[in-house]
Amino acid sequence: MEGAGITDERLSYAIQGQDMEIYREVQVAIRKTISSIDREGVVTDSRIDLGSLVHTMSGEQISMLTLCRRWFSQEFRTIDDPLELDFFHFLILDPLSLAFNHSCDPNCGFRNMRDLHAIQTIEAGKNLLLTIR
């Protein structure tokens, strides 16, 4: 199963400073596949409950300077690559992270700069769709 990913969200993961958000421990099976929306997409093989961690975007973190150098040398694969983390840092997405499609009617949203969570219950076999940010 190419592009399969398992996410294991633990309580300690959500603790940042004194602010604490507690999430359930969940496992989500997702995979990259051919999509009717675009060339590629990501679907879930199991039901994902509202609020569950779906995926943590990953890849190579680069600086603004490296971004500019690569932009002018036309090294990017698509308009979606890279993902802006903040004004000075970007993420060159790995193939699974890059395969998520955007939608005006999304079922996943960013809780922070990298973590996608279900913004509604998502049934098995459904495309995982991001908010356009």
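Taken together, the values in this text are just the output of simple stated rules run on the coordinates, not laboratory data. Small disclaimer: the values here were computed from a predicted structure and weren't measured. With ideal geometry, Cβ positions are generated from the backbone for all residues, glycine too; neighbour counts draw on all protein chains shown.
Worth a mention:
- The chymotrypsin sites (Phe, Trp or Tyr not before Pro) of the stretch 77-126 meeting both criteria, a DSSP state outside H, G, I, E and B (loop) and at most 15 other C-beta atoms within 10 angstrom of the site's C-beta, are PHE87, PHE88.
- Distances between placed amide hydrogens fall under 5 Å for SER58 paired with ASP94, SER97, all partners being 5 or more residues away or on another chain.
- The stretch 30-122, relative contact order in percent, only Cα pairs under 8 angstrom and at least six apart counted: 38 percent
- Stretch gain in nm, segment THR131-SER63, where the contour uses 0.36 nm per residue and the Cα spacing is subtracted: 22.1 nm
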